[in-house]
Amino acid sequence: MKLKFLTASALALSLAVTACNMPAADEPPRVLAEETTALFADIPAGTGYFATNSELPFQTPDFSKINDEDYEPAFMESMEIHKAEIEAIKNNPAEANFDNTIVALEISGEMLGRVARVFFALTGSNTNDTLDAVNAKVSPLLTAHSDAITLDPDLFARVKAVYDARDELDLNTEDTTLLERTYDDMVHAGALLTEEQKEEVKKINTRLSETTTKFGVTVREATVDNALVVDTREELAGLSDSDIENAAKAASERGLAGKFVIPLQNTTQQPLLPELENRDVREKLFKLSVNRADQGDSNDTRLLLAEIASLRAQKAALFGEPDWASYTMYDRMAKTPKTALDFMEQMVGPLAETQRREAGLLNEQIKKDGGDFTVQPWDWYRYANQVRKEKYDLDESLVTPYFQIDSVLENGVFYAATELYGITFEKRDDLPVYHEDVTTYTVFDADGSELGLFYFDPYQRPSKRGGAWMSNFVQQSHMYGTKPVIYNVLNIPKAAEGEPQLVSFDNVNTLFHEFGHALHGLFADQNYRSIAGTATARDFVEYPSQVNEMWATYPSVLQNYAKHHETGETIPTELIEKIEAAAKFNQGYDFGEVVEAALLDMKWHALSPEEAAAINTPEAVDEFERKSLEELGLEIGLVPPRYRSTYFNHIFSSPAGYSSGYYSYLWTEMLDRDSRKWFMDNGGLTRENGDHQRRTVLSRGGTMDYFEMFENFAGREPDVTPMLEARGLTGDSE
Ligand SMILES: [Zn+2]
C-alpha cells in the first residue's frame, strides 16, 4: 500500500507522496525563475525547526531537534505563510504566465509541506496522545485551507489564462503535465461552474454528506443487530473453546446472559463459518450477513444508497459528465467507466467457469464427508478448507525458518534491486531516527552517485497503525536539487529478545511490495514534486510495487536470501511450489467475490441521472443489483459479492470514498501480471530489463499518459490473460 497524506489536491499542498514520451534527458528541466521567487520575497519567513530545510544529508528530518510541541504552531504559521503566497500570486500586477502562476503555485506552501510530511509520517508509525490531538485539530483546517485555494476564483482566472495560452508557450512535456493537472484539479473542484451551478453543487454535497454518513451509521447498526444468537453451546459445535467463550461474553454484554452471540464482520463471508459443524447454524449466520440492511425495517439502506447514486449522477451532470464514474475518473489510467467495465467483463467468462468447477470439487468433498446436499455459500469455505488441506498441506512453520529479516531485506530485496538496476546500499548509523527500531541506508546509483536515502521501520508496536506503507520525508525535484528520502513501514511481529527475527512468507511479499514503491520513489526524475515518483493515479500507483513482488520467489533471488537460520540450507523448491500452487486454489470464490463487488461499484456509478432516478424503491435496488451481476453470467447464488450494495461501506459511506475505484487493485494486478510475463519472456532478472523498466515506467512519475507508459515498457497494450493464468482461472489448472 502507498500512503497518501491528505485528500487535499497536490496542487494546494504538494504533499502527495508516491514521467512524456520524450526521455527527460532530451528536455532540460525548467529552472526556477527569478520572477517566481521574487513573488514571495516580502513574505516574512517562518520560525522554529520547520522554517528551513534540515541541514542533515539529503535534508532528511533531524529527529533530534523536533519536539511534539513544535507541530501545531508550525502548522498554523505555515498555513498563514501559504495563504500570503497565494495572495501574492493572485495580486501580481504582471500578466499571468507559467512561471509566475503555475510554478509559483507548485513551490508555494514549502514550510507546510515540510511539517506535514514529518507529522503525518509519525502519526502513522509512532504516534502518541499529543500528536493525535494535533491531528484531530489540524486535519479539518488543512482540508479547508486546501479547498479555499482550489476554489479561489481569482487564482483560477490566472491558471486558466495560462492554460488557454498553452499552445503558444514554450513548455516541455513535464511543464505541460503540471499545467494540465493544476487546471484539471481546479475544474474538477468546480472552478468552471456558474454561480448557480456552484450553489447546486453545494446543496448536493451537503445532502451527500448527510446520506453517506447515515448510510455508514445504519450499516453499523444493521451489522450489530444481525449478529447470530443461539441458545445452546451444542449449536456452536466445531468452534474453539475461546471462540465459544467470546460468544458467551458477547451475549452477556448484550443482556443475553446464558446465550451465545456471534457478531458479524463487514464482509459477506464470516470468519467462523468454516468451523461451524451444524449446517443450519451456518445457513442462519450467513443469511443474517448477506441480508443485512435490506429487511424493510429502520436499518434498511436501500433507499439511502439509491439516493446517493442519484445525487452523484446529478452532480456529475452539473460538470457536464454522463455519470459519476466519468466525473471521478478524470485523472485515472482507465479514464472511463467503460474501460474499467470492459476490463472486468473480460474476466467474467473464465471466472464463472471456475466458480462452477470449484463448486463441483466441493460437492465431491461434501459427499466424501458423508453430506447429502450440494454446496451453498455457507458451506463453501468449510469444504474448500478441507480440500486445501488435502491437496496443499502446507505448514507455515516449515517455511518461516528460512526467512530471517536482515537476510530478506539485504540479500533478497536489495539484491534483486542491485541485479536489476545496479543500485547498491550502505547502512548508516549517523542519522537520528524517530524510533530505535528504524534503520537507514544510503542508496547509490549504478554509477556510484548518491540516489537517495531509505528508512526501514519493520516492527509492530502499539504506536503504529496496522498495515504497511511507503512515503517520502523529502521529495525528489530537479528544480530544488533534492533527492528522495523514502521510508517503508511494516507491521512484522517482533521476535522475543534473543530469538532469531523470522518473518512469514506473507511479510516477505510485503517487504518486496513496499520496496517496489520505494524504487518508484527513488527513481523519480522530475522537476516538480507534485508529479514526481509515486504521485500517480489511484489505478496505477500499486502497479510497480506489485511487480516487485515477483522477485521474492525468483529462483536466483531465493537462493541468495532464503537460508535456514540454523542450518544455512537454502529453502527447498517444493515448499515454494506448494505455496504458489495453494495461491491458485479457490480463486473462483476469493477473486470472484472481489470482481463482483468491483462490478457493482462501477454499475452503480455508471448510471445517468435519469437511470439513477428510476431506481427509487427497495425492490428496484434489489433488482438492479441482481441484474447487474446475473446478466454477466456469474454464479452469484453460489458466490455472492464480497459486499452487497446494502452494506458496501467503501463506496457509499462517504461523499466520494472509493466510489468507482474498487476496480483499481484488479487493474494494477493486470498491469503487474502482464509485466511479469514481459520480464520472463525477456530473460527475467537482468540489468537490461531493469534499466528498461526504470527508463519507461519507474522514472516517469505522473508526467505522461499511463497507457503510453505501459506500452513503452511492454511494446503493446496491457493484456488480462496473464492475470487470469496467475489466478488459475484459465481452466487448465487444478
Ligand atoms: Zn502498495
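The values are calculated or read from the model by the stated rules, or taken from the named source; none is laboratory data. This is a predicted model, so every value here is computed, not measured. Cβ atoms come from the backbone with ideal geometry, glycine included; neighbour counts cover every protein chain shown.
Assorted remarks:
- Residue match in segment 611-629 (condition: in a loop (DSSP other than H, G, I, E, B), at pLDDT 95 or above, closer than 30 Å to E499 by Cβ and not hydroxyl-bearing (S, T, Y)): no
- L431 in contact with a strand residue (DSSP E or B) (Cβ under 7 Å, 6 or more places away or on another chain) and within 16 Å of the ligand (Cβ to nearest atom): no
- On the stretch given as segment 131-189, residues that are assigned to a loop (DSSP other than H, G, I, E, B) and under 12 Å from F98 (Cβ atoms) total 5.
- Residue check, S298 crowded, with 20+ Cβ neighbours inside 10 Å and under 26 Å from A613 (Cβ atoms): no
- When L599, L575 are screened for being assigned to a helix (DSSP H, G or I), closer than 18 Å to L351 by Cβ and of a type in the set (A, V, I, L, M, F, W, C), only L599 passes.
- Some residue of segment 340-358 being out of contact with any Cys (no Cβ under 9 Å at 6 or more places or on another chain), within 30 Å of P544 (Cα to Cα), modelled with pLDDT of 95 or more and among the polar types (S, T, N, Q): no
- Checking K584, K563 one by one, the residue that is in contact with a Gly (Cβ under 7 Å, 6 or more places away or on another chain) and either closer than 28 Å to E419 by Cβ or buried (at least 24 other Cβ atoms within 10 Å of the Cβ) (or both) is K584 and no other.
- In segment 522-552, the residue that is nearest to R695 (Cα to Cα) out of those that are within 23 Å of the chain's Cα centre (by Cα) and polar (S, T, N, Q) is Q526.
- Residues of segment 630-658 that turn out to be surrounded by fewer than 23 Cβ atoms within 10 Å (Cβ to Cβ), assigned to a loop (DSSP other than H, G, I, E, B) and touching a Phe, Trp or Tyr at 6+ places or on another chain (Cβ under 8 Å), as a count: 1
- Residue that is nearest to the chain's Cα centre (by Cα), among those in segment 111-151 that are crowded, with 20+ Cβ neighbours inside 10 Å and of a type in the set (D, E, K, R): R117
- Residues satisfying the stated conditions in segment 457-507, i.e. within 16 Å of the ligand (Cβ to nearest atom), in contact with a Gly (Cβ under 8 Å, 6 or more places away or on another chain) and assigned to a loop (DSSP other than H, G, I, E, B): R465
- Total residues in segment 249-276, condition surrounded by fewer than 17 Cβ atoms within 10 Å (Cβ to Cβ) and touching a Gly at 6+ places or on another chain (Cβ under 9 Å): 2
- Only one entry of V408, V399, V375, V413 meets the criterion of being buried (at least 19 other Cβ atoms within 10 Å of the Cβ), part of a loop (DSSP other than H, G, I, E, B) and either touching a Leu at 6+ places or on another chain (Cβ under 8 Å) or aromatic (F, W, Y) (or both), and that entry is V375.
- Top-ranked residue of segment 496-536 - restricted to ones that are among the acidic types (D, E) and surrounded by fewer than 24 Cβ atoms within 10 Å (Cβ to Cβ), ranked as nearest to A562 (Cα to Cα): D506
- With respect to the stated conditions, L169 is over 25 Å from the mean Cα position of the chain (by Cα) and over 17 Å from T328 (Cβ atoms).
- Within segment 698-720, being outside any loop (DSSP other than H, G, I, E, B) and either of a type in the set (A, V, I, L, M, F, W, C) or modelled with pLDDT under 95 (or both) holds for L698, F707, M709, F710, F713, A714.
- Filter pass, E580 being within 30 Å of S310 (Cβ to Cβ) and either at pLDDT below 95 or more than 16 Å from the ligand (Cβ to nearest atom) (or both): no
- On inspection, Y434 qualifies as part of a loop (DSSP other than H, G, I, E, B), of a type outside the set (D, E, K, R), within 17 Å of S64 (Cα to Cα) and out of contact with any Asp or Glu (no Cβ under 6 Å at 6 or more places or on another chain).
- Top-ranked residue in segment 508-558 [being of a type in the set (A, V, I, L, M) and not in a helix (DSSP H, G or I); ranked as nearest to the ligand (Cβ to nearest atom)]: V541
- Restricting segment 378-396 to residues that are in contact with a helix residue (DSSP H, G or I) (Cβ under 9 Å, 6 or more places away or on another chain) and part of a loop (DSSP other than H, G, I, E, B), the residue that is farthest from G684 (Cα to Cα): D393
- T567 vs. criteria within 13 Å of the ligand (Cβ to nearest atom) and out of contact with any Phe, Trp or Tyr (no Cβ under 9 Å at 6 or more places or on another chain): no
- Tallying residues that are within 30 Å of E688 (Cα to Cα) and not in a helix (DSSP H, G or I) within segment 416-431 yields 7.
- Answer residue from segment 442-456, given it is closer than 19 Å to E419 by Cβ and of a type in the set (A, V, I, L, M) and is farthest from the ligand (Cβ to nearest atom) among those: A446
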